[in-house]
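Participant: First, the structure itself, so that you have it in front of you.
Readers should treat all values here as calculations from the given coordinates under stated rules, not as data from a laboratory. Just so it is clear, the structure is predicted and the values come from calculations on it, not from any experiment. Please note: Cβ atoms are built from the backbone with ideal geometry, for glycine as well, and neighbour counts cover all protein chains shown.
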Amino acid sequence: MSLEHLLPFAGDHAIQSAVVVVEWAAPGGSGHLTADVLQELQDVAAPKLAHLGLTANEKLNVFEVQMGPGQATSHSSQLAGGFKASRSSSTGEEARSVMLTRENCIIQINDYMRWAQAKDHIREYWNVLLPIVGKTAPILHLTLQFNDVFLWRAPPDELIMTEVFKHDTTWLPQHAFSLQNLWHSHHGYFCDQASPCKFRQLDNVNVSRTMVNNIESVQALVAHRASFTDAIWVKQPLSDEDVISQVLDKFHGDNKKILAGLFSDEVLRKINLLSI
């Protein structure tokens with residue numbers, strides 16, 4: 001049986017979306033950016049992001065409710081919660097976005113082409129935002145997530161899991177190979193890293209036989225999260241040699257290694273990862 005009917009989501013690669021998150025707020029609310037800082041970020045950064053192509057701008061608000069012990073009434077207020085800058089594709093769908101909140105900055109790329117280009121754009125967005133964030137808060141966590149999707153354009157009973165995945169892969173339970181219907185597998189684990197700095201890495205590997213837009217599909221959603229031992233203060237624009245950029249590159253390499261250990265050679269050939 002050939003996998004000629006298993007098609008990568010984007011033609012020469014399978015990445016439906018790439019998401020990068022930097023976090024500065026600790027559990028319990030410490031480290032949240034104040035409304036004044038968020039307003040400064042919107043006033044200063046939004047025009048610069050528009051110059052980089054993210055022309056749609058949306059203000060985000062949060063509601064706070066204050067109640068004291070024994071009080072029968074509460075007081076609520078609406079505060080600046082951040083903003084979202086984005087741009088749409090020719091079909092009207094959101095191609096990419098940058099959302100900045102009190103706790104984090106989330107960059108989502110739905111028009112992914114190749115890593116070098118995506119990384120350059122991510123750093124451009126960061127260099128608009130993070131030096132302002134760095135006036136009051138350091139970076140505590142960094143996450144990179146890829147969602148790889150393959151669409152099956154044939155009858156469901158012709159999709160054979162032993163042809164899609166390596167039979168001896170460590171990322172799936174053997175039970176998945178005998179299933180004839182939809183399924184999901186999740187595997188998560190921590191490992192400590194010493195380079196390019198000290199951090200604890202959390203990898204989550206989610207693999208599914210699922211439905212995407214009512215089409216039978218195979219999906220690998222893989223996320224890597226760094227919790228830095230020493231918080232990182234960003235005061236100046238980042239370069240390729242900065243620690244955050246190096247960790248991001250490491251995560252990209254880790255992601256490719258996981259995919260190479262998960263998918264069969266025929267599938268890897270479809271997305272140019274066979275040599276990994």
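Participant: Based on alpha-carbon centroids, what's the gap between the stretch 90-129 and the stretch 183-207 in Å, whole number please?
Facilitator: After rounding, the separation between the Cα centres reads 22 Å.
Participant: Going highest first, how would you order 110-121, 244-255 by mean Cβ packing within 10 Å?
Facilitator: The peptides rank, most packed first, as 244-255, 110-121.
Participant: Moving to a separate point now. Counting alpha carbon pairs within less than 8 Å and at least 6 residues apart, what relative contact order, in whole percent, applies to the chain?
Facilitator: Taking the mean separation of contacting Cα pairs over the length of the chain, I get 22 percent.
Participant: Spin-label point model (7 Å from Cα, Cβ direction): what's the Ser185 to Lys48 distance in nm?
Facilitator: Each label point lies 7 Å from its Cα, and together they span 4.4 nm.
Participant: Distance cut-off 31 Å, Cα to Cα: go down the list Lys198/Lys270; Lys135/Lys250; Lys84/Lys270; Lys59/Lys256; Lys59/Lys198 and report the pairs above it.
Facilitator: Lys198/Lys270; Lys84/Lys270; Lys59/Lys256; Lys59/Lys198
Participant: Turning to a different aspect of this structure: For the chain, list the DSSP H helices whose alpha carbon atoms reach 30 Å or more along the long axis and whose average Kyte-Doolittle value is -1.0 or above?
Facilitator: Membrane-span-like by this rule: not one helix.
Participant: Another question about this same structure. Could you sort the peptides 8-19, 151-162 by per-residue average Cβ neighbour count (10 Å cutoff), highest mean leading?
Facilitator: 8-19, 151-162
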